[in-house]
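Student: Before we start, here is the structure in question, set down as structure tokens.
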Amino acid sequence: MTRAVAPSRTRGRWVEVALDLLLVAVGVLLGWSILATGAGDLPAMQALAVYTFYAAAATLLLAIARAVGTDAAVAAADLRHGTALDLGLAVLAGWLTVLGLRTGGEWVVPSLLVAAVGVWFLVRVVRRRST
């Protein structure tokens, strides 16, 4: 009979760091590809590229915290990371809403839907900060 071996916390930590770094690489690649193509000339795509780089930077900070931090520090960094991404999405939604409303016409209704999504992310940030 074999006995079950508990997974190593150190090994799990480095798997999480590696996955975070993979997300950073994919984010930088996606952001760069938006700006390097003709889509980078569109203001909405520029906004998306900015958010992508922002999210990649936040994830890089999380990977660093996971690599060098204690369990309590990693938990706090994970909470800050989630809050930062939600706040970034709220700002992105606001940015896209303004772009859509300035364009007018058939973009007004979709812009209001994007605004509603932005408000939802903003509420998530406020609720997370109040707990």
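The values are calculated or read from the model by the stated rules, or taken from the named source; none is laboratory data. It should be emphasised that the depicted structure is a prediction, and the values quoted were computed from it without experimental measurement. Positions of Cβ are generated from backbone atoms using ideal geometry, with glycine treated the same way; all protein chains shown enter the neighbour counts.
Student: Quick one: in segment 92-107, of everything that is loosely packed, with under 13 Cβ neighbours inside 10 Å and of a type outside the set (Gly, Ala, Ser), which residue is nearest to the chain's Cα centre (by Cα)? Don't jump to the end; show me each part of the working.
Tutor: Let us first name the residues in segment 92-107 that are loosely packed, with under 13 Cβ neighbours inside 10 Å, namely 102, 104-106.
Within this subset, residues satisfying the condition of being of a type outside the set (Gly, Ala, Ser) are 102, 106.
Numbers: Arg102: 26, Glu106: 29 Å.
Residue satisfying both the conditions and the ranking: Arg102.
Student: Okay, next question. Within segment 85-131, can you find the residues that are of a type in the set (Val, Ile, Thr) and touching an Asp or Glu at 6+ places or on another chain (Cβ under 7 Å)? Before you say what the answer is, go through the steps one by one.
Tutor: Within segment 85-131, the first condition is being of a type in the set (Val, Ile, Thr), and the residues that meet it are 91, 97-98, 103, 108-109, 114, 117, 119, 123, 125-126, 131.
Hit for segment 85-131 is Val125, nothing else.
Student: Of the residues that sit in segment 42-91 and are β-branched (Val, Ile, Thr) and under 14 Å from Val17 (Cα atoms), which one is surrounded by the most Cβ atoms within 10 Å (Cβ to Cβ)? Even if it seems obvious, please write down each step before you answer.
Tutor: Quick first cut of segment 42-91, residues β-branched (Val, Ile, Thr) only: 50, 52, 59, 64, 68, 70, 74, 83, 91.
Then drop every residue that is not under 14 Å from Val17 (Cα atoms), which leaves 59, 64, 68, 70, 74.
Values: Thr59: 22, Ile64: 14, Val68: 10, Thr70: 9, Val74: 17.
Step by step, filter segment 42-91, then rank; the result is Thr59.
Student: I would also like to ask the following. Here are some conditions: (1) modelled with pLDDT under 95; (2) small (Gly, Ala, Ser); (3) over 15 Å from Ala44 (Cα atoms). Ala55 meets all but one. Which one does it not meet?
Tutor: Going through (1) modelled with pLDDT under 95; (2) small (Gly, Ala, Ser); (3) over 15 Å from Ala44 (Cα atoms) one by one, Ala55 breaks only (1).
Student: For segment 27-44, which residues satisfy the criterion of being within 24 Å of Gly118 (Cα to Cα) and within 16 Å of the chain's Cα centre (by Cα)?
Tutor: Of the residues in segment 27-44, the ones within 24 Å of Gly118 (Cα to Cα) are 27-28, 30-31, 34-35, 39-44.
Listed by number, the residues that qualify are Gly27, Val28, Leu30, Gly31.
Student: Taking into account only those residues within segment 30-41 that are out of contact with any Ser or Thr (no Cβ under 6 Å at 6 or more places or on another chain), among the hydrophobic types (A, V, I, L, M, F, W, C) and surrounded by 13 or more Cβ atoms within 10 Å (Cβ to Cβ), which is nearest to Arg66 (Cα to Cα)? Show your work before the answer.
Tutor: Restricting attention to segment 30-41, the residues satisfying the condition of being out of contact with any Ser or Thr (no Cβ under 6 Å at 6 or more places or on another chain) are 32-41.
Remaining after also requiring among the hydrophobic types (A, V, I, L, M, F, W, C): 32, 34-36, 39.
Filter once more, so that each one left must be surrounded by 13 or more Cβ atoms within 10 Å (Cβ to Cβ): 32, 34-35, 39.
On the way: Trp32: 26, Ile34: 29, Leu35: 30, Ala39: 35 Å.
Here the answer is Trp32.
Student: Would you point out which residue out of Ala76, Ala18, Ala90 is touching a Phe, Trp or Tyr at 6+ places or on another chain (Cβ under 7 Å) and of a type outside the set (D, E, K, R)? Please lay out each step first, then the result.
Tutor: Working: Ala76 fails: touching a Phe, Trp or Tyr at 6+ places or on another chain (Cβ under 7 Å); Ala18 fails: touching a Phe, Trp or Tyr at 6+ places or on another chain (Cβ under 7 Å).
Only one candidate qualifies: Ala90.
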